[in-house]
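Worksheet: the structure to be examined is printed underneath.
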Amino acid sequence: MKIIIINGPNLNLLGKREPEVYGTLTFTDYFQELKQKYNSIELEYYQSNIEGELIDKIQEVGFTYDGIILNAAAYTHTSIGIGDAVKAISIPTIEVHISNTFARETFRHDSFISANAKGIIIGFGLKSYELALQSFL
């Protein structure tokens, strides 16, 4: 099984950015823990702060991998293009958010990805990624 985690803008700052919301663990460290725990899965990771690069990666893997775990971050609420990319591919995508977006600003309550996602996991911290990964097993 081949799964990729795709993270959007500012998630490269995990461990430094708003630790009261996002915690103190870097995503690189968390990803290594996931890879060790789920060593039977071919697990990859990609992060970009650039919308077009995220769309390119979704299109690149969207017909050959077994699934995508996508945290488009702020682009979730603004990018019709990322939502359309998820709709256009043939593999399932799980939308993930570290924080509970419904407990935050009103603009974070809307997603251009949700309607095209297999499912959504919101608000369980970094554990949200593991829950998404388990949904593929």
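What is the distance, in nm, between label points placed 7 Å from the Cα along the Cα-to-Cβ direction at F136 and at K35?
In this crude label model, F136 to K35 measures out at 1.4 nm.
Working only with C-alpha atoms, what are the Rg and Dmax values of region 86-137, expressed in angstrom?
Rg, Dmax (Cα atoms, Å): 11.5, 33.
Evaluate the Debye formula for the chain with equal point scatterers sitting on the alpha carbons, no solvent, and hand back log10 of I(q)/I(0) at q = 0.14, 0.16 Å⁻¹, in q order, two decimals.
-0.57, -0.76
How many Lys pairs in the chain lie less than 23 angstrom apart by Cα atoms, where the lysines are 8 or more positions apart or on different chains?
Step by step, the pairs that qualify in the chain add up to 16.
For a distance above 19 Å, tell me the whole-number percent of Cα pairs in region 48-100 that qualify.
18 percent
Provide the net charge surrounding S48, with neighbours chosen by a C-beta distance below 11 Å and charges set as Lys +1, Arg +1, Asp -1, Glu -1.
-2
Can you tally the net charge around I4? Count Lys and Arg as +1, Asp and Glu as -1, for every other residue whose Cβ sits under 11 Å from the Cβ of I4.
Result for the neighbourhood of I4: -2.
Per-residue ellipticity at 222 nm for the chain, helices alone: DSSP H runs ≥ 4 residues times -39500 (n - 2.57), over residue total, nearest 500 deg cm²/dmol? Show your work: numbers first, answer last.
Details: 5 runs with 45 residues, N = 137.
Taking each H run of at least 4 residues, the total per residue is -9500 deg cm²/dmol.
Order of 72-78, 14-20 by packing, highest average Cβ count within 10 Å first? Don't skip to the answer; put the middle values down first.
Details: 72-78: 20.0, 14-20: 12.4.
Per-residue mean Cβ counts within 10 Å order the peptides as 72-78, 14-20.
Tally Lys/Arg at +1 and Asp/Glu at -1 over every other residue whose Cβ is under 11 Å from the Cβ of L126; what's the total?
-2
Give me the 1.4 Å probe accessible area per residue for region 73-137, excluding ligands and nucleic acids, in Å². Walk me through the intermediate numbers first.
Working: 3030 Å² over 65 residues.
That works out to 47 Å² per residue.
Could you work out the relative contact order of the chain, using alpha carbon pairs under 8 angstrom and six or more residues apart, expressed as a whole percent?
Dividing the mean separation by the residue count of the chain yields 26 percent.
In the chain, what percent of the accessible surface is made up of carbon and sulfur (1.4 Å probe, ligands and nucleic acids excluded)?
51 percent
The values are calculated or read from the model by the stated rules, or taken from the named source; none is laboratory data. What you see is a predicted model; the values in this text were computed from it and never measured. Backbone-built Cβ (ideal geometry, glycine too); neighbour counts: all protein chains shown. Remember, those area values only see protein heavy atoms, side chains included, never the ligands or the DNA or RNA. Shrake-Rupley method; radii C 1.70, N 1.55, O 1.52, S 1.80 Å.
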